[in-house]
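What follows is a short report on a single structure.
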Amino acid sequence: MRVVLFGATGMVGQGVLRECLRDERVEAVLAVGRSPVGTGHPKLREVVEEDLFALDPITGYDTCFFCLGVSSVGVAPEEYERITYQLTLSVARKLPDDTTFVYVSGASTDSTERGRVRWARVKGATENALARLPLRTFAFRPGYIQPLHGITSKTPLYRVLYRVAMPLYPLLRRAFPRAVTTTEDIGLAMLAVASSGYEKPILENADITALARRDRPAGS
């Protein structure tokens, strides 16, 4: 696989990048974002671009992992839609047909686009619009995501909350196995989908966990 990764400096993107660089099936990774990743690796190349709407068409890669996003909390509705919907579609339209496009959505996303929760409607509209493109698209809907391997959130408050939750994570996973995952599981599941596909285009948290378990290298 030759992977282009958006959002590699975010918490989920850091986890996906880690698994891409560790996986022998991945030949090359192009990290595209507004700031440098800060990681050196023979497989890794970076494009730093302040205006991601201005990107040129992307060629030479067969897989796109789109982990870039923003919380709806404290963000104007127009700005949330611009980043969540418009930017995602702008990037997807610059990829060759038949590219595998894996989009990080979220649990409780509204596929009908008619629900009362705005962020869920926007995410649902994004998933639906991606499905209409000539790409091989998959939407990941993780629930609670625990960062592992030193990965941290860019939001100070979230960093504190994740540190507090870390000792409780094994209990949370046992109590809510269908609602809890990790940055490692998301990365492994994305690689599994890109490599072998999946029987449905929308993967809920339980699907992500099951795929990661199946695709996890022996001894890891």
query = Using only helices, what value at 222 nm comes out for the chain when you add -39,500 (n - 2.57) per DSSP H run of length 4 or more and divide by the total residues, to the nearest 500 deg cm²/dmol?
reply = -10500 deg cm²/dmol
ask   = Sorting R22, R136 by accessible area (1.4 Å probe), largest first, what list results?
value = R22, R136
query = Seen from all sides and averaged, what is the projected area of the convex hull of the Cα atoms in the stretch 144-220, in nm²?
reply = 5.9
remark   = Phi angles of the stretch 40-45, converted by Karplus (6.51 cos²θ - 1.76 cosθ + 1.60, θ = phi - 60°) into ³J(HN,Hα) in whole Hz with x for Gly and Pro, give x, 6, x, 7, 9, 10
message = Please list log₁₀ I(q)/I(0) at q = 0.16, 0.17 Å⁻¹ for the stretch 106-188, using the Debye equation with identical point scatterers on the alpha-carbon positions.
response = -0.78, -0.85
ask   = When ranked by the protection proxy of mean other Cβ atoms within 10 Å per residue, highest first, what sequence do the peptides 99-110, 172-183, 81-92 form?
value = 99-110, 81-92, 172-183
query = If you place +1 on the Cβ of every Lys and Arg and -1 on the Cβ of every Asp and Glu, how big does the dipole about the Cα centre of the stretch 169-217 come out, in debye to the nearest 20?
reply = 200
remark   = For V164 the rounded accessible area (nearest 10 Å², probe 1.4 Å, non-protein molecules ignored) is 100
key: Ordering of 190-197, 113-120, 50-57, 38-45 by packing [mean C-beta count within 10 Å, highest first]   = 190-197, 113-120, 38-45, 50-57
inquiry  = Give me the percent relative contact order of the chain, please, defined on Cα pairs under 8 angstrom at least 6 residues apart.
reply    = 20
inquiry  = Greater than 25 Å separation of Cα atoms is the criterion. Which listed pairs, K123/K200; K123/K154; K43/K123, meet it?
reply    = K43/K123
message = Let me make sure I get this right: for the stretch 69-151, a, b and c are the square roots of the gyration tensor eigenvalues over alpha carbons, sorted descending. Under 1.5 in a/c it's rounded, otherwise prolate if a/b > b/c, else oblate. Which is it?
response = oblate
ask   = Which stretch or stretches of the stretch 1-21 have amide N atoms under 16 Å from the point lying 7 Å from S196's Cα along the Cα→Cβ direction?
value = 1
remark   = Note: the stretch 1-79 at 25 °C, 0.890 mPa s; Kirkwood Rh on alpha carbon pairs; Stokes-Einstein D in µm²/s works out to 185
ask   = Within straight cross-link reach of K94, meaning Cα distance under 16 Å, which aspartates and glutamates are found once same-chain residues fewer than 8 apart are removed?
value = E49, D51, D56, D62
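The values are calculated or read from the model by the stated rules, or taken from the named source; none is laboratory data. These numbers come from a predicted model, not from an experiment. Note: ideal-geometry Cβ built from the backbone for every residue, glycine included; neighbour counts use all protein chains shown. Accessible surface is based on the protein model in full, side chains and every heavy atom, while ligands, DNA and RNA are left aside. Shrake-Rupley method; radii C 1.70, N 1.55, O 1.52, S 1.80 Å.
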